[in-house]
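The next block holds one structure in the form of structure tokens; read it before the comments.
The values are calculated or read from the model by the stated rules, or taken from the named source; none is laboratory data. All of these numbers come straight from a predicted model, not from anything done at the bench. So basically every Cβ, Gly included, is an ideal-geometry build from the backbone, and we count neighbours across all protein chains shown.
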Amino acid sequence: MTRPGTAGPGAAGGLAAAASGLGAAPGGLAGAERTAVEAGGPGPDAGGPGRGLGDPGRGLDGPGRGLDGPGRGPGADTGEHSLPGSRMAARRGAERQVPTAFGELERGRRARGATTTGPADDDLLADDDRPAPRRSGRRGRKRNSMMAGLLLTPVLVVILLVGGYVYLNSRHAPAAPHANKPSHAAAALNSPAATLGPWKHIASRSLDSAPLTVTEVFPAKFSNNGAEGTLTVSKVSTKCSHEVLGTTLAAAVRKADCTQVLRASYLSTNRKIMATVGVLNLTDVSAAVKAGRAAGATEFIKQLASAHGPTRNIAKGTGIVEAEVKGHYLILTWTEFVNLKAPSGKSQRQKLEAFSSGLVAGTANVSLTSRMVTGHPPGATPKS
């Protein structure tokens, strides 16, 4: 309950409307009280019985009507007598405005019916009205405290559960594996395998320092992708430029710092095709690529003839030449028919090419691939 003469929360709108109807100054209930005091005193503007609180002839409901109807002034319903200009008269005027603004007319009437005529009783009325809002405020505070406690209880339970779970996990979780991870990562970054390119251990002779051997590179027989052959003769030499034909290729081999050249001649199982294959050990991949570009129709490996058999006539016919780079090695081949005739047509040429490819794949490529992957010759003990 809001005391007369004191603006409660949200009362400004309603009281402003009441003050507007009474002709009071803006300002809510305080303005209405001042207007009532001015009207209660003697003077030409004072309102008499049966008149409203505003100007003569003006009420809330029209001329000659007060708050409760025609011909009824303040205190007309209760038979109460108040001195004009007293605080009671002012409060009565305000009481008639406040219930109208808030819809609490019945509550105002009960308060007026319980009062007596006199200023002392008015003070008692004000004192009796005070405990209600205080009791209501205490109840509200208690209710708010209970609601806050109910809301905070599950939050505290969750916090305790989470804290206990984290504490227990931290006690049982081992910390040693985390400390070892950086050392493993550093070891992986510093390992030689992490810096190798596509040719890995045969990218250069400095990585692949073990010299080639004839038995490693050229097996007695080979079979690969339909091509089959038998070794008839082999040779190893350190004079690389003497074992190739063509001045351009010879110069490229010298510039590539060739340290050894291995050659071998094979005869096909059906004894129709023969070929010579040579492997040159150069300084690195870049040098091998440059030397391979120098190979061509007049720049190729020197044919290696055997002492007897069909391969003794190798290099007397017309054949095809090929070059292939395998790391820091350059592989060169010469292939021709045993009858020494030049290949006629696409079909015969394809037969020579197929035998040449199978020869490289079944002989030199096997050992060089092993070096590339393992870093040492096939069958050799790895370096510690």
So which of Ala342, Ala297, Ala305 is at pLDDT below 95, more than 58 Å from the chain's Cα centre (by Cα) and surrounded by fewer than 19 Cβ atoms within 10 Å (Cβ to Cβ)? Ala297
Is at least one residue of the range 350-357 crowded, with 17+ Cβ neighbours inside 10 Å and under 29 Å from Ala210 (Cβ atoms)? yes
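Quick test for you: out of Thr335, Thr374, pick the one residue that is more than 24 Å from Gly226 (Cα to Cα) and of a type in the set (S, T, N, Q).
Thr374
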Residues that are more than 20 Å from Leu330 (Cβ to Cβ), out of contact with any helix residue (DSSP H, G or I) (no Cβ under 6 Å at 6 or more places or on another chain) and surrounded by 17 or more Cβ atoms within 10 Å (Cβ to Cβ): does the range 195-213 have at least one? no
Selection from the range 349-384 of residues within 47 Å of the chain's Cα centre (by Cα), without any contact (Cβ under 8 Å) to a residue 12 or more places away in the chain and in a loop (DSSP other than H, G, I, E, B) yields Pro382, Lys383, Ser384
Scope the range 214-223; condition buried (at least 18 other Cβ atoms within 10 Å of the Cβ) and either at positive phi or part of a strand (DSSP E or B) (or both); matching residues: Phe222
Checking Ala342 against (1) among the aliphatic types (A, V, I, L, M); (2) closer than 15 Å to Val253 by Cβ; (3) touching a Gly at 6+ places or on another chain (Cβ under 9 Å), which test does it fail? (2)
